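Undergrad: Below you will find the structure I want to go over with you.
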Amino acid sequence: MAIIKPFKGIRPPKDLIEQVASRPYDVLNSEEARAEAAGNEKSLYHIIKPEIDFPVGTDEHDPAVYLKAAANFRLFQEKGWLVQDKEECYYVYAQTMNGKTQYGLVVGAYVPDYMNGIIKKHELTRRDKEEDRMKHVRVNNANIEPVFFAYPDNAELDRIVAKYTSRTPEYDFVAKDDGFGHTFWIIDEPADIARITELFGEMPSLYIADGHHRSAAAALVGAEKAGQNAAHKGDEEYNYFMAVCFPANQLTIIDYNRVVKDLNGLSEEEFLCKLEKNFIVEVKGAELYKPAALHNFSLYLGGKWYSLTAKQGTYNDNDPIGVLDVTISSNLILDEILGIKDLRSDKRIDFVGGIRGLGELKRRVDSGEMKVALALYPVTMKQLMDIADTGNIMPPKTTWFEPKLRSGLVVHKLE
């Protein structure tokens with residue numbers, strides 16, 4: 001069963017939240033972060049993208065850059081731009097996009113739960129990316145940014161969250177870069193804190209939605225600290241890492257699409273002909289065409305959109321991985337026809353988050369940069385949870401969650 005705890009969050013004063021809060025470290029590059037933080041010494045980018053405080057071109061993995069992150073974290077606390085709460089609390093973090101709001105609980109997730117599989121993952125992680133985030137956690141002795149979890153729907157938790165969200169929020173702002181709303185409340189009543197802990201303790205699993213590398217890094221550093229502490233008891237703060245947990249029924253996964261540079265030596269006509277072996281191919285014309293259902297795909301080639309519907313027998317409904325559209329398209333189009341064997345390493349393919357829209361696929365093909373685009377129907381939360389529950393791993397670049405968690409609303413110290 002899932003173990004969580006409240007923690008003494010380190011947060012910006014109300015009047016500074018919009019100056020401090022930032023996008024996550026991994027959704028923008030160094031130069032974009034440098035531009036967004038220009039003229040703002042309070043931006044969290046100085047901690048999560050500290051290479052911006054060095055000359056352009058400085059390697060973000062230089063040891064001096066990590067040390068700068070820690071120095072800036074100390075500075076933010078000394079200046080009062082980040083201040084620690086006096087009592088352990090849970091927090092509610094709500095995100096609003098396109099008129100839809102989802103409400104997450106900010107908690108300390110238990111490191112051993114990650115190690116023993118109670119916290120379930122659906123993606124593989126890369127060791128180099130884990131090590132980068134581990135260095136960041138180690139040098140700051142803190143989880144500066146949260147990870148994004150889903151939990152099974154729970155009506156009593158919904159009622160507790162609603163009690164607090166009916167009150168005046170601690171923070172409430174619309175981010176200028178994406179137009180999404182971010183609202184934050186403090187859960188500080190002992191009875192509610194205790195009940196939230198109990199209710200999570202009845203859940204068999206939590207699910208990583210987004211932030212697999214951050215989750216791995218945070219858990220691995222916690223386990224490191226446990227191994228290094230001869231007096232380790234198990235209740236130390238380093239046994240927990242910061243997560244925002246949303247009920248699964250509030251989350252929406254959006255599409256994660258593909259663009260490919262060439263047709264593997266085929267003409268457009270030969271390529272379309274080969275598709276007809278496993279798909280019903282229909283010409284849709286020049287207007288954008290969005291996949292209508294599972295096993296229906298949208299293809300853009302030569303200025304035209306096509307509907308591709310996988311034929312019966314080309315997938316197995318009883319195989320949680322084989323039934324995924326990302327698996328069908330990878331096996332029957334990218335591999336069998338286009339010769340793309342490894343989505344992680346092949347330089348002929350790129351991936352486009354659905355937040356950019358189908359117009360971005362069209363633009364990249366029309367520009368000549370890419371030859372063909374493929375849009376997929378999004379995975380469901382049920383599919384994600386089924387795959388995690390069966391111990392399976394999704395193929396690369398399957399899920400895209402939006403909006404992303406804002407960084408800087410609260411930080412978790414490991415001691």
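Undergrad: Extending each Cα 7 Å along its Cβ direction at Asp192 and Asp59, get the distance between those two points in nm, one decimal.
TA: Inter-label distance under the simple model: 4.8 nm.
Undergrad: While we're looking at this one, here's another question. Just tell me which lysines come within less than 24 Å, Cα to Cα, of Lys382; anything on the same chain fewer than 8 places away is out.
TA: Answer for Lys382, where 24 Å is the Cα cut-off: Lys100, Lys120, Lys121, Lys290, Lys311, Lys397, Lys404, listed by chain and number.
Undergrad: Shifting gears a bit: With 19 Å as the limit, write out which pairs from Lys304/Lys371; Lys176/Lys362; Lys274/Lys371; Lys42/Lys79; Lys86/Lys413 have Cα-Cα distances beyond it, or answer none. Please list the in-between numbers first.
TA: Details: Lys304/Lys371 12 Å; Lys176/Lys362 27 Å; Lys274/Lys371 16 Å; Lys42/Lys79 10 Å; Lys86/Lys413 13 Å.
Listed pairs above 19 Å: Lys176/Lys362.
Undergrad: Would you work out the relative contact order for the stretch 165-307, in percent, from Cα pairs under 8 angstrom that are 6 or more residues apart? Numbers along the way, then the final one.
TA: Details: 87 pairs, mean separation 14.7, N = 143.
Averaging sequence separation for qualifying contacts and normalising by length gives 10 percent for the stretch 165-307.
Undergrad: Taking the number of other C-beta atoms within 10 Å as the exposure measure, put Arg23, Arg348, Arg126 in order starting with the fewest. Spell out each step's value before the answer.
TA: Working: Arg23 23, Arg348 15, Arg126 12.
Ordered from fewest to most neighbouring Cβ atoms within 10 Å, Arg23, Arg348, Arg126 come out as Arg126, Arg348, Arg23.
Undergrad: Related question: Over the chain, what is the relative contact order in whole percent, taking alpha-carbon pairs under 8 Å and six or more residues apart?
TA: Working: 780 pairs, mean separation 100.4, N = 415.
Computed over the chain, the figure is 24 percent.
Undergrad: Testing the spin-label approximation: label points 7 Å from Cα along Cα→Cβ at Met1 and Asn29. State their distance in nm.
TA: 4.9
Undergrad: Moving to a separate point now. Compute the distance from the alpha-carbon center of the stretch 144-208 to that of the stretch 1-45, in whole Å.
TA: If you average the Cα positions of each part, the centres end up 18 Å apart.
Undergrad: Which whole-Hz ³J(HN,Hα) couplings does the stretch 161-176 yield from phi under the Karplus relation 6.51 cos²θ - 1.76 cosθ + 1.60, θ = phi - 60°, glycine and proline marked x?
TA: For the stretch 161-176, the Karplus curve yields 4, 4, 4, 7, 6, 7, 9, 5, x, 6, 10, 7, 8, 10, 5, 5 Hz.
Each value in this text was obtained by applying a stated rule to the coordinates, not by laboratory testing. Predicted model only: the values in this text are computed from it and were never measured. Cβ: placed from backbone, ideal geometry, glycine included. Neighbour counts: every protein chain shown.
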